[in-house]
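K.L.:
Dropping the structure in here first, questions after.
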Amino acid sequence: MKMENLSYREAVEHLASIAGLSVPKSVSFDGEIGRLRKDIYEMNRIAARYFHDILMSDKGKPALDYLLNRGLSMKTIVNFGLGASPPEGWYNLINHLRSKGYNNNQIRQSGLASTSDKGMFDRFRNRVMFPIIDHRNNVIGFGGRTMENDPAKYLNTSENVAFKKGSNLYALNFAKSTKTGSLILCEGYMDVISLHQAGFNSAVATLGTALTLDQARLMKRMTDNVIICYDSDEAGRNATKRAIDILKSVDLNVRVITVTGGKDPDEFIKTHGAQKFAALLTGSVNHIDYRLDEVKRKYNTDIDNEKVSCINEMLGVLSDITNKVEIEIYIDKISKMLNVSTENLLAELNSVKKKINRIRENKQKKEELENLKGMNDKINPQRSKYLKASRAEEDIISILINYPEKYKKVLENVNETDFVTDFNRSVFVVLCEKLEQNTNSNVLHTLSALFDSDKIGKIMSYISSLEAIEVNDDKIKQIATTLKEEKIKATMNGLSINDNDFSSRLDDLRKNRKRDK
């Protein structure tokens with residue numbers, strides 16, 4: 001089999017079979033990924049106009065009435081580009097896209113169509129349509145709310161190279177320009193739209209899933225402050241607690257609104273109006289106060305053993321606080337709340353911290369043992385010693401293979417001397433030489449000619465495990481900075497440099513990075 005005669009997917013599948021690996025369905029290698037992504041953006045733009053035109057026609061009257069009855073104005077409906085998918089027919093959008101010159105393969109890959117044994121059909125039927133637009137103003141997908149009794153109340157575009165649910169936020173295209181200095185994080189499309197209509201244009205929402213780390217990082221690029229405004233039911237409170245942990249992990253300042261007099265923000269706005277919601281925003285509490293209140297509501301503190309459990313859980317909430325003044329403030333709050341002396345609370349807090357530290361140490365040891373299992377890596381024996389650097393190197397290699405159009409941007413940030421492990425450096429050099437000649441060339445053919453099946457297997461594992469991230473210029477810079485920092489660490493360790501000099505070198509690197517920005 002001649003590699004040069006194969007398509008990109010066929011080449012990947014051929015190499016995967018040699019290495020004894022399978023190509024996951026979640027990874028798309030069809031054609032030139034950059035071109036495909038642009039095609040999907042354009043198909044989505046066409047679909048958004050199509051759905052909006054349907055909404056404004058006789059066919060869309062039930063959907064339009066639904067939106068108007070939910071309290072949305074025509075101005076808001078137009079502003080958000082809301083639409084409707086036809087209630088009858090299975091190929092309406094497919095035929096419309098065909099009329100614009102797109103073939104079945106392109107339409108299938110857009111996520112706008114589904115397939116069965118009988119063939120391809122429209123993914124969205126008889127639904128109110130919400131275009132999902134990224135912060136660069138590309139229409140990346142859709143959410144559709146059923147107008148029937150479909151058990152799938154909301155349905156999203158299927159994931160593809162342009163649309164990852166866990167990496168985007170609804171209405172961020174509007175909220176990115178907010179002057180409030182914070183984002184309001186909601187759960188649903190209608191919550192966000194109602195808040196924007198009421199003048200709170202910093203509202204965003206996840207796309208039908210729990211908050212992800214990628215979404216938190218995306219918010220961090222826009223602001224340092226997030227106000228969580230989830231539903232007030234038990235599911236909403238549980239989601240709030242999970243969201244707090246994720247948002248804090250990327251160093252965001254987190255406050256929480258407790259919506260009263262209505263299950264969700266949309267209902268609250270309708271019932272009480274914008275002024276009352278503004279008061280809720282003003283009265284939002286920081287995440288520590290919120291979590292302490294949530295713990296308190298779980299227990300009957302008139303019963304001694306429940307009171308002890310309540311205290312221990314509250315102290316667990318405080319265990320990560322390092323600021324002594326902040327600890328003193330919250331210890332005093334708990335003392336007054338539960339009528340326990342501050343001295344006893346502080347003593348117990350130290351005990352709780354020791355227990356938590358032991359748990360973390362045990363977890364770290366388990367992770368170190370897992371890393372040691374990689375010591376027998378014959379292809380890249382340096383990986384286990386330089387694990388963080390290796391992962392960054394693997395991400396760079398994955399980007400070069402999956403996103404060859406990013407080649408120049410990668411070279412602006414990384415060169416072969418930044419690589420720590422010899423094997424990954426050799427792969428990087430080969431890829432760069434090939435892409436320098438032609439970014440549209442089949443780099444996998446080059447790799448297969450230079451590396452044996454075991455090494456190809458290692459490279460394929462990089463490709464197939466590529467994290468579901470938005471590969472943009474900022475992400476490339478982030479990976480490159482990690483790699484450069486790890487290279488300095490590896491170099492300095494080899495030279496036995498002292499801690500002060502090591503810190504100084506890292507500071508210089510970070511200053512250069514800020515200057516480059």
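The values are calculated or read from the model by the stated rules, or taken from the named source; none is laboratory data. Given the structure is predicted, the values throughout are model-derived calculations rather than measurements. Note that we place each Cβ from the backbone using ideal geometry, even for glycine, and neighbour counts take in every protein chain shown. Surface accessibility is based on the protein's heavy atoms, side chains included, excluding ligands, DNA and RNA. Shrake-Rupley method; radii C 1.70, N 1.55, O 1.52, S 1.80 Å.
K.L.:
If a residue counts only when it is farther than 14 Å from residue 169 by Cα, which helices (runs of 4 or more DSSP H) contained entirely in the range 182-287 have at least 3 such residues?
P.N.:
Of the helices (runs of 4 or more DSSP H) lying wholly inside the range 182-287, those with at least 3 residues that are farther than 14 Å from residue 169 by Cα span 189-197, 234-249, 265-282.
K.L.:
Restricted to the range 401-436, and to residues that are part of a loop (DSSP other than H, G, I, E, B) and open to solvent by 20 Å² or more (accessible area, probe 1.4 Å), which residue is modelled with the highest pLDDT? Talk me through it step by step, then tell me what you get.
P.N.:
Taking the range 401-436 as the starting set, the residues that turn out to be part of a loop (DSSP other than H, G, I, E, B) are 403, 414-415, 419-421.
Those left that are additionally open to solvent by 20 Å² or more (accessible area, probe 1.4 Å): 403, 415.
Details: 403: 84, 415: 88.
Restricting to residues being part of a loop (DSSP other than H, G, I, E, B) and open to solvent by 20 Å² or more (accessible area, probe 1.4 Å), the top hit is 415.
K.L.:
Oh, and also: Quick check on my filter: what residues within the range 313-327 are assigned to a helix (DSSP H, G or I) and either hydroxyl-bearing (Ser, Thr, Tyr) or surrounded by 12 or more Cβ atoms within 10 Å (Cβ to Cβ) (or both)?
P.N.:
So the first thing to find is which residues in the range 313-327 are assigned to a helix (DSSP H, G or I), and the list is 313-318, 324-327.
Within the range 313-327, 313, 314, 315, 316, 317, 318, 326, 327 meet the criteria.
K.L.:
Are there helices (runs of 4 or more DSSP H) fully within the range 90-179 with at least 3 residues that are within 30 Å of residue 212 (Cα to Cα) and either in contact with a helix residue (DSSP H, G or I) (Cβ under 9 Å, 6 or more places away or on another chain) or β-branched (Val, Ile, Thr) (or both)? List them. Give the derivation first.
P.N.:
Values: elements: 92-99, 104-109, 172-175.
Where helices (runs of 4 or more DSSP H) fall fully within the range 90-179 and carry at least 3 residues being within 30 Å of residue 212 (Cα to Cα) and either in contact with a helix residue (DSSP H, G or I) (Cβ under 9 Å, 6 or more places away or on another chain) or β-branched (Val, Ile, Thr) (or both), they are 104-109, 172-175.
K.L.:
Let me ask something else. Checking residue 81 against (1) at pLDDT 85 or above; (2) surrounded by 12 or more Cβ atoms within 10 Å (Cβ to Cβ); (3) part of a helix (DSSP H, G or I), only one condition comes out false. Which one?
P.N.:
So the condition that residue 81 fails would be (3).
K.L.:
Still on this model: Please go through the range 155-170 and pick out each residue that is open to solvent by less than 30 Å² (accessible area, probe 1.4 Å) and within 15 Å of the chain's Cα centre (by Cα). Talk me through it step by step, then tell me what you get.
P.N.:
Filtering the range 155-170 down to residues open to solvent by less than 30 Å² (accessible area, probe 1.4 Å) leaves 156-157, 160-163, 166-170.
Answer for the range 155-170, where residues must be open to solvent by less than 30 Å² (accessible area, probe 1.4 Å) and within 15 Å of the chain's Cα centre (by Cα): 160, 161, 162, 163, 166, 167, 168, 169, 170.
K.L.:
Restricting to the range 385-427, give me the number of residues that are of a type in the set (Asp, Glu) and under 18 Å from residue 35 (Cβ atoms). Before the answer, list the steps.
P.N.:
To start, the set of residues in the range 385-427 that are of a type in the set (Asp, Glu) comprises 393-395, 405, 412, 416, 418, 422.
Those left that are additionally under 18 Å from residue 35 (Cβ atoms): 405.
Residues flagged as of a type in the set (Asp, Glu) and under 18 Å from residue 35 (Cβ atoms) within the range 385-427 amount to 1.
K.L.:
Which residue pairs have Cβ atoms under 8 Å apart, sit 6 or more places apart or on different chains, and have a first residue in the range 441-461 that is modelled with pLDDT under 75 and a second that is hydroxyl-bearing (Ser, Thr, Tyr)?
P.N.:
Every condition considered, the pairs that remain are 442/8; 444/8.
K.L.:
In the range 269-284, what residues are surrounded by 16 or more Cβ atoms within 10 Å (Cβ to Cβ), without any contact (Cβ under 8 Å) to a residue 60 or more places away in the chain and under 27 Å from residue 333 (Cβ atoms)? Spell out the reasoning first.
P.N.:
Within the range 269-284, the subset surrounded by 16 or more Cβ atoms within 10 Å (Cβ to Cβ) is 269, 272, 277, 280-281, 284.
So of that shortlist, the ones also without any contact (Cβ under 8 Å) to a residue 60 or more places away in the chain come out as 272, 280, 284.
Result: 280, 284.
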